[in-house]
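A.B. asks: Below is the structure I would like to discuss, written out as structure tokens.
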Amino acid sequence: MGRRRSSPVSDLFGWVRRQSMRVKISLIAVLALCALITFKFTIKDHNYFFIASEAVHAAGIIVLIYKLTTKKSCSGLSLRSQELTALSVATRLVCSTLIEGDIHTVLDFTTLMATTWVMYMIRFKLKSTYIKELDNLAWYYVVVPCAILAILLHPYTIHFHLTRVLWAFGVYLESVSVLPQLRLMQNAKMIEPFTAHYVFALGVARFLSCAHWIIQIYETRGKYLFLFGNGYFWFLAAFLAEVVQTFILADFCYYYIKCFMQGQLVLKMPV
């Protein structure tokens, strides 16, 4: 057998692995900036960012469905994270139905049905494989602060007050709904490939959504955050919620890419 030739891609990954953490972070930042610039000049309708974000999220749920139906195990999945996701999507679906009633409503409905099915499988069909003791982040640590923040900061539009508060609550809750999943993975110290693919899809979805905000802010020179008639600081709070979720998932996405380049099938989480 002759010596296997290395491909340019493997050589590139090998070079990246040999670099310091500072260089790796800088490379990621440069790639993110290049992606933003590409999006700005190639995508004219910024509404596509949200559609792409929701589509990637749906793709992540499809990965979960495949795992649950083929592996017959929900090990590594957080039921509480799925419940928080379902609550945020349900809230957004109600508001979207009352306010917009467009493609986002259809996507939210599809996501909610798929998430509900995942919850059903974890709670009933695959209950014996659910690691409840590791899924120990109390829901009120997440829900209560989001509810208080929604009451204080929400959009001021012509719609009912409760609808506006619920819309803000859904935005804030979505930004932190992944915390129980990350907490479970930290407790387990490692996570299975399909669950890792799902969380990585969430990270990509958040990046696409955050890209919309950044480009809009850039094009309006910051005025997009303080549009009259929508409530002072509401857009700023919504943008910060997107940034928070993006940064929450950024650390996981880094280790996901790192393990992928090293050919690891199981993702080892840092302590």
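The values are calculated or read from the model by the stated rules, or taken from the named source; none is laboratory data. The model shown is predicted, which means the values in this text are computed figures rather than measured ones. As a convention, Cβ positions derive from the backbone with ideal geometry for all residues, glycine included, and neighbour counts pool all protein chains shown.
A.B. asks: Scan region 98-154 for residues that are of a type in the set (Asp, Glu) and exposed (fewer than 13 other Cβ atoms within 10 Å of the Cβ) and report the count.
C.D. replies: Narrowing region 98-154 to residues of a type in the set (Asp, Glu): 100, 102, 108, 133, 135.
If we keep only those that are exposed (fewer than 13 other Cβ atoms within 10 Å of the Cβ) as well, we get 100, 102, 133.
Here the count works out to 3.
A.B. asks: Does at least one position in region 43-64 carry a residue that is assigned to a helix (DSSP H, G or I) and at pLDDT below 70?
C.D. replies: Filtering region 43-64 for residues assigned to a helix (DSSP H, G or I) gives 47-64.
Filter once more, keeping what is at pLDDT below 70: 47.
Yes.
A.B. asks: While we're looking at this one, here's another question. Go through region 100-130 and report how many residues are free of Cβ contacts under 8 Å to residues at least 24 places away in the same chain, closer than 25 Å to Asn187 by Cα and among the aromatic types (Phe, Trp, Tyr).
C.D. replies: 2
A.B. asks: Moving on to the next point. Just to check your reading of the model, which residue among Pro155, Pro180 is touching a residue at least 60 places away in the same chain (Cβ under 8 Å), under 25 Å from Val244 (Cα atoms) and not in a helix (DSSP H, G or I)? Quick ask: steps written out before the conclusion?
C.D. replies: Values: Pro180 fails: not in a helix (DSSP H, G or I).
Criteria check complete, one pass: Pro155.
A.B. asks: Further question: Does region 183-194 hold any residues that are crowded, with 21+ Cβ neighbours inside 10 Å and either of a type in the set (Gly, Ala, Ser) or under 24 Å from Tyr140 (Cα atoms) (or both), and which are they?
C.D. replies: Listed by number, the residues that qualify are Leu184, Met185.
A.B. asks: Given the criteria under 18 Å from Leu166 (Cβ atoms), touching a Phe, Trp or Tyr at 6+ places or on another chain (Cβ under 9 Å) and charged (D, E, K, R), does Arg92 qualify? It would help to see each step written out before you state the result.
C.D. replies: Working: under 18 Å from Leu166 (Cβ atoms): yes; touching a Phe, Trp or Tyr at 6+ places or on another chain (Cβ under 9 Å): yes; charged (D, E, K, R): yes.
Yes: the conditions hold for Arg92.
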